[in-house]
Amino acid sequence: MNRHDKTIDALVDDLAPVRLAPRPEALATFWLLGSLAWVVGVTMASGAPRPGALGQMVDHPRFLAEVVFGLMGIAAVMFAVLRSASPGAATRGLAWAGAAALGVWLANILAGFAVPTLDSGMLGKRPHCFSETVLYALPPFVAGAYLLRRLYPLRPTASLVGAGLASGLLPAWFMQLACMYDTAHILLHHVLPGLLFVPAMCVLVWLIGRLRAAI
């Protein structure tokens, strides 16, 4: 046996079977269903949803569209994030579709200052909805970060930002059914904490990384 054969044999001896990476679509579906179940369950466990919220979706098509576009945008962002962490599966179109859906959702909320989607009122007001939005987003973010680690994100920071955005906005989205409906209140107490969740989690992940490197 010559030197090259010995080298090849040595390399082959060290080989181990590698499991195929899970499909990003399956992981995204698992994340979405699990996170929805968590957010809806824990929100309703902490207090009853706004009375008549489901009926308002039937009676007010604009409110129904607002709810649908919000959930579509969140789902599309997470699907795009997990696909971007799978080599050869990334699609910019999906990310743009998610951004567009979220844009429609937020634009409709902002338009409520001029033309309200629903009559403003204190009905269903939750005293701690700001902190609830942040706390309820934590498990979905941890789950999303874990799923990303099972894949191969080429841009981990961007992937974490996308996961944080989807996680933060999911409880903000459900608060439109669970809490009072008022444009200013929605933006300041639901959407804002959902958006602030993104930089907060990025800083936390960075600090954890620095601590692990120092140990």
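To the nearest 20 debye, what is the magnitude of the charge dipole of the stretch 17-116 about its Cα centre, counting +1 on the Cβ of each Lys and Arg and -1 on the Cβ of each Asp and Glu?
Charge dipole, the stretch 17-116, about its Cα centre: 280 debye, nearest 20.
With unit charges on the beta carbons (Lys and Arg positive, Asp and Glu negative) and the dipole taken about the Cα centre of the chain, which residue among 109, 34, 156 sits farthest to the positive side?
It is 156, whose Cα lies furthest towards the positive end.
Find the relative contact order for the chain and round it to a whole percent, using C-alpha pairs within less than 8 Å whose residues are 6+ positions apart.
Answer for the chain is 26 percent.
Dipole magnitude of the chain about its Cα centre, charges +1 at Lys/Arg Cβ and -1 at Asp/Glu Cβ only, in debye to the nearest 20?
Approximately 400 debye in magnitude.
Checking understanding here: applying a Kyte-Doolittle mean of at least -0.5 and a length along the axis of at least 20 Å (C-alpha), which whole DSSP H helices in the chain pass?
Helices meeting the criterion: 24-46, 61-84, 92-111, 129-149, 156-178, 192-214.
Take peptides 132-145, 26-39 and line them up by average Cβ neighbours within 10 Å, highest first, as a rough protection proxy.
132-145, 26-39
Can you give the accessible area per residue of the stretch 108-215, in Å², using a 1.4 Å probe?
With the other protein chains kept in place, the stretch 108-215 gives 51 Å² per residue.
Under a point spin-label approximation (7 Å from Cα along Cα-to-Cβ), what is the residue 46-residue 30 distance to one decimal in nm?
Taking the two extended label points, one gets 2.7 nm.
How many percent of the accessible area of the stretch 53-182 is carbon or sulfur, using a 1.4 Å probe?
Carbon-and-sulfur percentage of accessible area, whole number: 72.
Taking the full set of protein chains and a 1.4 angstrom probe, give the accessible area of residue 174 in square angstrom, rounded to the nearest 10.
Counting only protein heavy atoms, the figure is 20 Å².
Considering only C-alpha atoms, what is the centroid distance from the stretch 156-215 to the stretch 110-150, in Å?
9 Å
Given the rule -39500 (n - 2.57) for each run of at least 4 DSSP H residues, summed and divided by the residues of the chain, what is its mean residue ellipticity at 222 nm, to the nearest 500 deg cm²/dmol?
Estimated from H runs of four or more residues: -24500 deg cm²/dmol.
The values are calculated or read from the model by the stated rules, or taken from the named source; none is laboratory data. Keep in mind that what you see is a predicted model, and the values were worked out from it rather than measured. Note that each Cβ is placed from the backbone with ideal geometry, even for glycine, and that neighbours are counted across all protein chains shown. All accessible areas refer to the heavy atoms of the entire protein, side chains included, with ligands and DNA or RNA removed. Shrake-Rupley method; radii C 1.70, N 1.55, O 1.52, S 1.80 Å.
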